[in-house]
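Working notes for the structure below.
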Amino acid sequence: MKGRSGGTRLLAVVRHAESIENATKYTGFYQDPRPWTGPAAHALSRELVGLTPRGFRQCQWLRAALEGFVGRAPYVYSSPYRRARDTAELALPGLDIDITELLCEQHYGDATYMTRRQLFALYPGTELDRRSRKHLWTPPGEDGESLAVGVVRRATAFVDSLGGTAAPVVVAMTHHTAILGLRSVLERRPMTDLVDEARVRKTPNAGVLIYERRGGGFRHAGSVEQEW
């Protein structure tokens with residue numbers, strides 16, 4: 001890993017710019033019945049879903065906004081999902097990008113791109129948790145992971161990796177669900193509170209959360225998002 005010893009002092013957590021999935025969620029990818037298998041749907045989400053024209057404009061905005069917070073040479077981590085990689089490459093051109101599975105979207109397993117009606121019809125045992133205990137809901141299938149366990153475990157591993165030899169200034173390009181996990185770890189808040197907040201308002205596409213190291217942990221130092 002590149003960087004100097006002493007640990008990361010400043011961390012910018014960024015949600016990727018608007019993707020085709022974000023813009024056409026209920027008219028494009030979520031069909032009932034779903035035309036793809038679970039693994040095929042996950043591969044589609046991970047490898048093929050790119051940015052919208054609005055997303056490209058958000059990347060232009062991010063380029064200037066991030067420079068104001070993290071300078072011109074932060075160490076950049078990104079989820080391997082195409083929409084995150086594309087955002088990192090366009091918003092932070094010319095910089096090396098460290099691709100890490102720790103920043104992945106929540107893995108929805110066999111439920112990827114499945115409507116709620118179809119999900120509850122095929123897996124009725126998941127309905128209670130999905131509706132009222134979302135942090136505990138584990139999507140069906142071998143790779144499904146819950147927010148409170150799987151996503152938080154990855155978020156914890158990522159934050160732990162920022163100590164020691166990590167670069168002093170880091171950008172983490174990631175997804176809504178991973179941001180919930182990172183916030184739970186960085187802000188030391190229960191996932192239930194964050195899920196409740198997200199039901200009202202999510203971190204927007206291209207939204208930036210800034211954290212500064214204070215003592216043995218990080219402190220939320222501010223947020224910025226584009227005004228449209």
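Assorted remarks:
- Per this entry, Glu145 is counted among residues that are more than 22 Å from Phe69 (Cβ to Cβ), touching a His at 6+ places or on another chain (Cβ under 7 Å) and either touching a residue at least 12 places away in the same chain (Cβ under 8 Å) or open to solvent by less than 40 Å² (accessible area, probe 1.4 Å) (or both).
- Filter result (closer than 15 Å to Val13 by Cα and out of contact with any Gly (no Cβ under 6 Å at 6 or more places or on another chain)) within region 161-176: Ser161, Leu162, Pro168, Val169, Val170, Val171, Ala172, Met173, Thr174, His175, His176
- Test: Ala198 is hydrophobic (A, V, I, L, M, F, W, C) and under 16 Å from the mean Cα position of the chain (by Cα): yes
- Residues in region 44-84 that are polar (S, T, N, Q) and closer than 27 Å to His107 by Cβ: Ser45, Thr52, Gln58, Ser78, Ser79.
- Filtering region 172-215 to residues that are over 27 Å from Asp129 (Cβ atoms), in contact (Cβ under 8 Å) with a residue 24 or more places away in the chain and surrounded by fewer than 17 Cβ atoms within 10 Å (Cβ to Cβ) leaves only Glu212.
- Residue list for region 151-165, filter: touching an Asp or Glu at 6+ places or on another chain (Cβ under 9 Å) and either over 23 Å from Arg219 (Cβ atoms) or open to solvent by 30 Å² or more (accessible area, probe 1.4 Å) (or both): Arg153, Arg154
Table: residues versus (1) of a type in the set (A, V, I, L, M, F, W, C); (2) exposed (fewer than 14 other Cβ atoms within 10 Å of the Cβ).
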{"residue": "Val14", "(1), (2)": "yes, no"}
{"residue": "Pro33", "(1), (2)": "no, yes"}
{"residue": "Gly38", "(1), (2)": "no, no"}
{"residue": "His42", "(1), (2)": "no, no"}
{"residue": "Glu47", "(1), (2)": "no, yes"}
{"residue": "Gly55", "(1), (2)": "no, no"}
{"residue": "Leu62", "(1), (2)": "yes, no"}
{"residue": "Ala65", "(1), (2)": "yes, no"}
{"residue": "Tyr75", "(1), (2)": "no, no"}
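- Checked against the criterion of being small (Gly, Ala, Ser), under 16 Å from the mean Cα position of the chain (by Cα) and farther than 30 Å from Thr126 by Cβ, the candidates Ala88, Ala84, Ala73, Ala65 yield just one match: Ala88.
The values are calculated or read from the model by the stated rules, or taken from the named source; none is laboratory data. As the structure is a prediction and not an experimental result, all values here were calculated from the model. Reconstructed Cβ throughout: ideal geometry from the backbone, glycine too, with neighbour counts over all protein chains shown. Heavy atoms of the whole protein, side chains included, go into the accessibility calculation; ligands, DNA and RNA do not. Shrake-Rupley method; radii C 1.70, N 1.55, O 1.52, S 1.80 Å.
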